[in-house]
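Read the structure below first, then the notes.
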Amino acid sequence: MGSQDREGGDAMNYDELYGQLAAEGYTTQRQAPPIAAPAENAPWYTRVMLGFAGWIAGLFLVGFFAGSFVLLVKTLPAMLALGLGLCAAAAFIDRRTRDGDVVPQLALAIGMAGRTFFTMAVAEMVGGDDTHVAAWAIVGLEVAMFVALRTPLHRVLGVMIGASALYYGLHRIGAAGAASFVLAIVLARLWGDEARWRTNRHVHSALGALAWGLAIVVVAWPLPSFFLKEATQATRALETAGYAAGLMMLAFSMARRPGNGTIAAVVAIGFLALAASRAPGVLAGTLVLVAGLASGRHVLAALGVIGIVGYLSVFYYQLDQTLLVKSASLAAAGVVLLAARFLVGRFVKGGKP
Amino acid sequence: LAHFCTRRGAEDDRYPTCAHIEIPDMTEHPAPRPGLPLSRVTRDSLDALAVDGHLDAAAWRRAREIAGLAPTNGDWPRILQTLFTLGSALLLATALVFFIAYNWTEMGRFARLGLLEAAVVLCAALAWWLQPRTLAGRAATTAGIIATGALLAFIGQTYQTGADPWQLFAAWTVLALPWALAAAWAPSWAIVLATANLALGLYIGQAPEALRWLGEYEAWLAEMTLLNVAAGAVAEKWGPKDRDGVYRLLPRLAMLAALGFATAGIVGFILDKDLDALALPVVYAAVVAGMYWAYRRWRRDLLLLSAWALSLILVVATAMVRVLDKIGDPAAWMMLIAAVVVGLSAWAATWVRRIAREVTP
């Protein structure tokens, strides 16, 4: 990155950065403000570790409540109330967090236990035929939790649960592709418009959590073979349209001043979408990969790569299409990318590898 | 403060001159947060400055480009070339595998064999022509590794050689080695690591008695751990060292796999009522001690240390379940374990952050 700028940000300090920003007219200050450097956030893998640990602690809390209050767990309204009460307690504790990791972890564990009781109670109440109703209830709970919580990690996990419930609910009512379409558009809008919300002190934390949570769900959800087996042509078409629209939105937001390059990108995305319409998971991974490349976030880009490779592994076992059809779709997508590679190398300045 | 004063104080009147401050040796201790002007530009600090109103949206966006944290318009042709090259290689190689697996009756076995062999030869020729250590050459070698596996699978399936599945993966591992050596690229080696794991994993189940010294499942876990520890050590010593953003992929994958197998082994050992597979705790202790030394003392790797901490938390929780199960009310000890997991994970996060702030000697 940064062919004419710095590589990786290793050697640049803020005084140098402000000097260059001022020279280009982005700021009037020629030197960085004399304040302390902001503290670094926990690295992503530490947050993954905290998320897993919070989930494990939540399971033990479920055991504690199930063992201590047997009657509560045997009566569905009481179990529902227990779940909601624990979620409320988690949000209350989370909002009082000032610093450190113990209190947010406690809130996370209590929140996971609350969600478990809530889900069990609602699923039991609506019965086996109306599980989509339970999914809507979970979506509602997660929306409320998202508003109430403050800690990014807890919010990300909540977004993952809520978005998965949305996928599941829409799948149960025969509109599985709609979730992919909507979430792909929202994801592209968030990552394409990152500069606007990153600089807004009121929404940056919430929208950052939403953007990361959705990215994980968009990549992960095409993977379960259970849903792939029941994929219809209409579902795949809707998914493909959503991912393609998301990629086009990213192309426009990256271009800033749309021109011939943007039109070429839109045409290329259109061809890729047509070619890979039988394998929409490839497009889902590509959407996250491009979002990661555009925002310079390597972890997000790696998530997209993992999504593509994981999807191809599962795609092999999908039963509603023959291997010949799948092979043709992948080969066509490969040829589109190969053609795009030669066109970029031939016609775009700086395109030679 | 020491950093702030000594580097800047003498030449800039915005900062105090503080020559009287004694600067401690900070090579093994967390560094204090320096003043902003001289601190390194990072993604987190840029985000924090933007949130605090020091940079507007346009300045934040441009600042990331200047600092090399996000691509400029001029970078995109090169990024797209990389994306399209690797993407087309992956998709075309996968399409070939799917096509052969379809077992199209219109196409005879010799035609399919010829197609696969032609694909392998084409990938080799492309890699040689494009140079195996360029991006396009590496894409060709990766496609070549996948095509080699497809060729072996096809031969095994069509000619009913009587070979076991583990032999397919073992042969694939061996034949993938020249490609990976030529490419000297971590993702190519990651495929070799995966096929080697599959080969050994499938082999142990039918291996001679001597290799199942612990019992089938226990031996499987211990030997898979040892394979990945060995792969991790080799990767650290001789693995790809290009600073291309993926050079740590191989040792990390290998050590995460080793830690995962070792943790599964120790958890199974703790929950086993007879506690007879004593080699599993020995293997786990060796892996944990080795990883601590390697990634805390020898080469700092916070990702592996985070995984290390999570593994210990799992083991402590499992051990508490085993011990407390015999005594007291389950509800009470579950609350206790939940509290311990919360406390340990919070401590681990603080510990990793503290290491991250240490000044590298």
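The values are calculated or read from the model by the stated rules, or taken from the named source; none is laboratory data. Everything quoted here is computed from the prediction, not taken from an experiment. Methodologically, a virtual Cβ is constructed for each residue, glycine included, from the backbone with ideal geometry; neighbour enumeration extends over all protein chains shown. The accessibility values were calculated without ligands, DNA or RNA, using every heavy atom of the protein model including side chains. Shrake-Rupley method; radii C 1.70, N 1.55, O 1.52, S 1.80 Å.
Yes/no per residue for (1) in a helix (DSSP H, G or I); (2) open to solvent by 50 Å² or more (accessible area, probe 1.4 Å); (3) modelled with pLDDT under 95; (4) farther than 22 Å from A:Arg115 by Cα:
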{"position": "A:His154", "(1), (2), (3), (4)": "yes, no, yes, no"}
{"position": "A:Leu166", "(1), (2), (3), (4)": "yes, no, yes, no"}
{"position": "A:Gly169", "(1), (2), (3), (4)": "yes, no, yes, no"}
{"position": "A:Val186", "(1), (2), (3), (4)": "yes, yes, no, yes"}
{"position": "A:Ala206", "(1), (2), (3), (4)": "yes, no, yes, no"}
{"position": "A:Val219", "(1), (2), (3), (4)": "yes, no, yes, yes"}
{"position": "A:Arg236", "(1), (2), (3), (4)": "yes, no, yes, yes"}
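Please specify each residue of the range A:7-25 satisfying the condition of being open to solvent by 30 Å² or more (accessible area, probe 1.4 Å), part of a loop (DSSP other than H, G, I, E, B) and at pLDDT 80 or above.
Residues satisfying the conditions are A:Glu24, A:Gly25.
For B:Lys273, all conditions in the list (1) outside any helix (DSSP H, G or I); (2) open to solvent by less than 30 Å² (accessible area, probe 1.4 Å) hold save one; what is the number of the exception?
Only one criterion is unmet by B:Lys273, namely (2).
Kindly evaluate B:Ala101 against the criterion of being of a type in the set (Gly, Ala, Ser), without any contact (Cβ under 8 Å) to a residue 60 or more places away in the chain and in contact with a Leu (Cβ under 8 Å, 6 or more places away or on another chain).
Yes, satisfied.
Might you check whether a residue that is more than 10 Å from chain B (Cβ to nearest Cβ) and either among the basic types (Lys, Arg) or not in a loop (DSSP other than H, G, I, E, B) (or both) occurs anywhere in the range A:42-54?
No, there is no match, as no residue in the range A:42-54 is more than 10 Å from chain B (Cβ to nearest Cβ) and either among the basic types (Lys, Arg) or not in a loop (DSSP other than H, G, I, E, B) (or both).
Would you confirm whether any residue within the range A:267-289 is open to solvent by 50 Å² or more (accessible area, probe 1.4 Å), assigned to a helix (DSSP H, G or I), of a type outside the set (S, T, N, Q) and facing chain B (nearest Cβ under 8 Å)?
For the range A:267-289, residues open to solvent by 50 Å² or more (accessible area, probe 1.4 Å), assigned to a helix (DSSP H, G or I), of a type outside the set (S, T, N, Q) and facing chain B (nearest Cβ under 8 Å): absent.
Quick one: which of B:Leu122, B:Leu96, B:Leu198 is in a helix (DSSP H, G or I) and within 12 Å of chain A (Cβ to nearest Cβ)?
Testing whether each residue is in a helix (DSSP H, G or I) and within 12 Å of chain A (Cβ to nearest Cβ) leaves just B:Leu96.
With B:Pro330, B:Pro361 as the choices, which residue is more than 14 Å from chain A (Cβ to nearest Cβ), modelled with pLDDT under 95 and farther than 20 Å from B:Ala231 by Cβ?
Answer to the check: B:Pro361.
Can you name every residue in the range B:163-193 that is more than 20 Å from the chain's Cα centre (by Cα) and of a type in the set (Val, Ile, Thr)?
B:Val174
Give the number of residues within the range B:143-174 that are closer than 25 Å to B:Glu236 by Cβ and in contact with a helix residue (DSSP H, G or I) (Cβ under 6 Å, 6 or more places away or on another chain).
Residues in the range B:143-174 being closer than 25 Å to B:Glu236 by Cβ and in contact with a helix residue (DSSP H, G or I) (Cβ under 6 Å, 6 or more places away or on another chain): 5 in total.
Looking at A:Leu76, A:Leu84, A:Leu80, A:Leu71, which one is open to solvent by 30 Å² or more (accessible area, probe 1.4 Å), over 25 Å from B:Leu314 (Cα atoms) and without any contact (Cβ under 8 Å) to a residue 12 or more places away in the chain?
Of the residues listed, the single one that is open to solvent by 30 Å² or more (accessible area, probe 1.4 Å), over 25 Å from B:Leu314 (Cα atoms) and without any contact (Cβ under 8 Å) to a residue 12 or more places away in the chain is A:Leu71.
Do we have B:Ile155 as surrounded by 14 or more Cβ atoms within 10 Å (Cβ to Cβ) and within 11 Å of another protein chain (Cβ to nearest Cβ) here?
Considered against the rule, which asks whether it is surrounded by 14 or more Cβ atoms within 10 Å (Cβ to Cβ) and within 11 Å of another protein chain (Cβ to nearest Cβ), B:Ile155 comes out as no.
Of these, A:Val139, A:Val159, A:Val122, A:Val182, which one is within 30 Å of A:Leu283 (Cβ to Cβ) and open to solvent by less than 30 Å² (accessible area, probe 1.4 Å)?
Just a single option satisfies the conditions, and that option is A:Val159.
Taking the criterion of being open to solvent by less than 60 Å² (accessible area, probe 1.4 Å), more than 10 Å from every other protein chain (Cβ to nearest Cβ) and not acidic (Asp, Glu), would at least one residue in the range B:339-352 satisfy it?
Looking through the range B:339-352, none of the residues is open to solvent by less than 60 Å² (accessible area, probe 1.4 Å), more than 10 Å from every other protein chain (Cβ to nearest Cβ) and not acidic (Asp, Glu).
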